[in-house]
Amino acid sequence: MDKKKQVWQALAGILCLIVGALLAVYAGRGYTQHRYIVDAAACRMDLVVMNRADLLASPDSGSVVLFHGLSANKVIMQYLARAFAQAGLRVFIPDLPGHGRSPGPFTPERAESCSASLLRGLAARGMIIPERTILAGHSMGGAIALRLADKFRPAGVIAISPAPMVAAHGISPENLLFHTPPLVTPNTLILAAQFDAPGIRESAADLAAHSPYSWAKYRELHWNTHVSMLFSPTVARDAQAWATHTLELPNIAHLPSRANLFGCVLGIVGLLLIAGPFIREMVGKNAPADPEAGEPVQRVRGFVELALLSIVALVILHFWHPVRIFRLFEGDYLAGFFLIVGAGLILLHRKGASSGFRGQRGVLFGAAVAGLLMTLLVNGWFELTLTGAWLNLERWERLPLFFLTAFLFLYGLELVAGPVVNGGMRYVSWFLLLVVVWAVLSLGVLYFYSGEILLVLLSPYFALLFLVCGLGIQLVRRESGSPAASALFGAILLAGFCLVIFPLS
């Protein structure tokens, strides 16, 4: 690509970022937010309190305490929070332990007990009145809202796709966060998505069906997934109506804007446009020839190697976690998997692995800088527009070791995928290798009943990450001719993503 095209591409990317940022600011207009660090019993949590800017919300008018789900945070709940604020309610949104900016450790039991301590503390300070408060939550947060309702006695509950709490409908006990069903209290609304996992949807329906109160309702929403419920106007409208009816308030609220969601997508497009010229500038100068350029790629052998090594890794992990020191909820399992598979691939391709670092100092430095800057830009953009993604100190401390395991895995993958000869076919082959790895990992989790179900649930997000990240990895490989540089670039992005999405435990 000539310099003129690169300049125009970068300018288009900058324009997308500017427009996306304006959309994010537009979506947040009309609301006030105050951030607090709350010490509730032995729990230290990051809390945001939101209300409409033109209203002086008070405990008497009504409050909502909104709990996020597993691997989520308070920022991703902002659309629903704004929907409640539009109705004149004051909304409290905490980062549960080990999530977002709240320190760990996380366990489901600690998330529930810390949430209970938060409610008691808010009530003791007169910030909420139980009989004028709605408990709401999504996924794990929905289960917590249901479980605390019988003790806290709120005015009502809104549980959105609550996490199952009974081993039924194909859900094994190892995959449950909580193992006892709650007593569903009056004025409880339970929502589920049409494209939720069947076990989640059917378990949610059972909760309402087994409630002794006729005021417990269940509704299944069409054309929604587990995550899209967080941005669904239908969910927001139903939540507003249920809260205002329960609290006997007029339901005259408008729906909040979703401009930040569109701004997020536009900004990601902008970052992709900027990434091309930036990566070429960082790694494409004086790049050495690919050390494997003359060797044919044996794709069938590569698929077989990855499948067998993945099975070996699962067997080892069944008896021993080599990197449990990470203390990431189910993330240490994934890091151990990366370590074992990566080390095995490097041993099988010792000749190519040893030559992959020769004369690479400048290229490796450029790839590292590019990877780190892209991680900061992407995480910062998500923090601004859609979900909390900025790493706190506890997460940064885990980055070097997680990066090492991700690098070994991606370096081994690059050795198997070979040099970039036919760009399109090579990219497809590279991604299919990952599909084989993840399929074995997912099946192994289910077969061994390891309880690492989060890795299966997060599969769509890892697929999207690898699809996008793979473009950058292939570009680094093509421009630098270095499997080590491309693995280094990708490992920084992969480690940054994992440290955002896995709770601290």
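Looking at (1) at pLDDT 95 or above; (2) closer than 19 Å to residue 229 by Cβ; (3) of a type outside the set (Ser, Thr, Tyr), which one does residue 49 not meet, given that it meets all the others?
Every listed condition holds for residue 49 apart from (2).
Need pairs with beta-carbon distance below 8 Å; first residue within 22 Å of residue 107 (Cα to Cα) and within the stretch 306-333, second among the basic types (Lys, Arg); sequence gap 6+ or separate chains.
Correct list of pairs: 326/398; 327/398; 328/398; 332/324.
One residue is enough: does the stretch 353-361 have a residue meeting the conditions open to solvent by 30 Å² or more (accessible area, probe 1.4 Å), assigned to a helix (DSSP H, G or I) and aromatic (Phe, Trp, Tyr)?
Taking every residue of the stretch 353-361 in turn, none turns out to be open to solvent by 30 Å² or more (accessible area, probe 1.4 Å), assigned to a helix (DSSP H, G or I) and aromatic (Phe, Trp, Tyr).
Can you give me the number of residues within the stretch 459-491 that are open to solvent by 10 Å² or more (accessible area, probe 1.4 Å) and more than 24 Å from residue 365 (Cβ to Cβ)?
Matching residues across the stretch 459-491 total 8.
Restricting the search to the stretch 241-256, which residues are over 16 Å from residue 76 (Cβ atoms) and either open to solvent by less than 10 Å² (accessible area, probe 1.4 Å) or not hydrophobic (A, V, I, L, M, F, W, C) (or both)? Let's see the steps before the verdict.
Step one: filter the stretch 241-256 for residues over 16 Å from residue 76 (Cβ atoms), giving 241-255.
Correct list: 243, 244, 245, 246, 247, 248, 250, 251, 254.
Of all residues in the stretch 165-176, how many are under 29 Å from residue 241 (Cβ atoms) and either among the basic types (Lys, Arg) or open to solvent by 20 Å² or more (accessible area, probe 1.4 Å) (or both)? Walk me through it before giving the result.
Here is the first cut: in the stretch 165-176, the ones under 29 Å from residue 241 (Cβ atoms) are 165-166, 169.
Imposing the further condition that a residue be either among the basic types (Lys, Arg) or open to solvent by 20 Å² or more (accessible area, probe 1.4 Å) (or both) reduces the set to 166, 169.
Of the residues in the stretch 165-176, 2 are under 29 Å from residue 241 (Cβ atoms) and either among the basic types (Lys, Arg) or open to solvent by 20 Å² or more (accessible area, probe 1.4 Å) (or both).
What strands (runs of 3 or more DSSP E) completely inside the stretch 1-74 contain at least 3 residues that are within 19 Å of residue 93 (Cβ to Cβ) and charged (D, E, K, R)? Please lay out each step first, then the result.
On the way: elements: 31-40, 43-52, 63-67.
Result: 43-52.
Quick one: would you say residue 209 is at negative phi and open to solvent by less than 40 Å² (accessible area, probe 1.4 Å)?
Criteria not met by residue 209.
Of the residues 27, 12, 21, only one is closer than 26 Å to residue 498 by Cα and among the hydrophobic types (A, V, I, L, M, F, W, C); which?
Going through 27, 12, 21 in turn, just one is closer than 26 Å to residue 498 by Cα and among the hydrophobic types (A, V, I, L, M, F, W, C): 21.
Yes or no: residue 403 assigned to a helix (DSSP H, G or I) and open to solvent by 10 Å² or more (accessible area, probe 1.4 Å)?
yes
From the list 445, 421, 437, pick out the single residue that is surrounded by 14 or more Cβ atoms within 10 Å (Cβ to Cβ), out of contact with any His (no Cβ under 8 Å at 6 or more places or on another chain) and modelled with pLDDT under 90.
445
Pick from 104, 88, 100: which is more than 21 Å from residue 503 (Cβ to Cβ), in contact with a Lys or Arg (Cβ under 8 Å, 6 or more places away or on another chain) and part of a loop (DSSP other than H, G, I, E, B)? Working first, answer last.
Numbers: 104 fails: more than 21 Å from residue 503 (Cβ to Cβ); 100 fails: more than 21 Å from residue 503 (Cβ to Cβ).
After ruling out the rest, the residue left standing is 88.
Here are 334, 373: which of them is buried (at least 20 other Cβ atoms within 10 Å of the Cβ) and closer than 22 Å to residue 398 by Cβ?
From the options 334, 373, the qualifying one is 334.
Is the stretch 346-367 home to any residue that is closer than 26 Å to residue 483 by Cβ, in contact with a helix residue (DSSP H, G or I) (Cβ under 9 Å, 6 or more places away or on another chain), at pLDDT 95 or above and of a type outside the set (A, V, I, L, M, F, W, C)?
No, the stretch 346-367 contains no residue that is closer than 26 Å to residue 483 by Cβ, in contact with a helix residue (DSSP H, G or I) (Cβ under 9 Å, 6 or more places away or on another chain), at pLDDT 95 or above and of a type outside the set (A, V, I, L, M, F, W, C).
Which residue pairs have Cβ atoms closer than 7 Å, lie 6 or more positions apart in sequence or on different chains, and pair a first residue in the stretch 10-34 that is on the phi > 0 side of the Ramachandran plot and among the small types (Gly, Ala, Ser) with a second residue that is part of a strand (DSSP E or B) and buried (at least 18 other Cβ atoms within 10 Å of the Cβ)?
30/52
So which residues in the stretch 110-168 are more than 14 Å from residue 191 (Cβ to Cβ), of a type in the set (A, V, I, L, M) and in a helix (DSSP H, G or I), if there are any at all?
111, 116, 118, 119, 122, 123, 124, 140, 144, 148, 149
The values are calculated or read from the model by the stated rules, or taken from the named source; none is laboratory data. Please read all numbers here as calculations on a predicted model, not as lab measurements. Methodologically, a virtual Cβ is constructed for each residue, glycine included, from the backbone with ideal geometry; neighbour enumeration extends over all protein chains shown. With ligands, DNA and RNA removed, areas are computed over all heavy atoms of the protein, side chains included. Shrake-Rupley method; radii C 1.70, N 1.55, O 1.52, S 1.80 Å.
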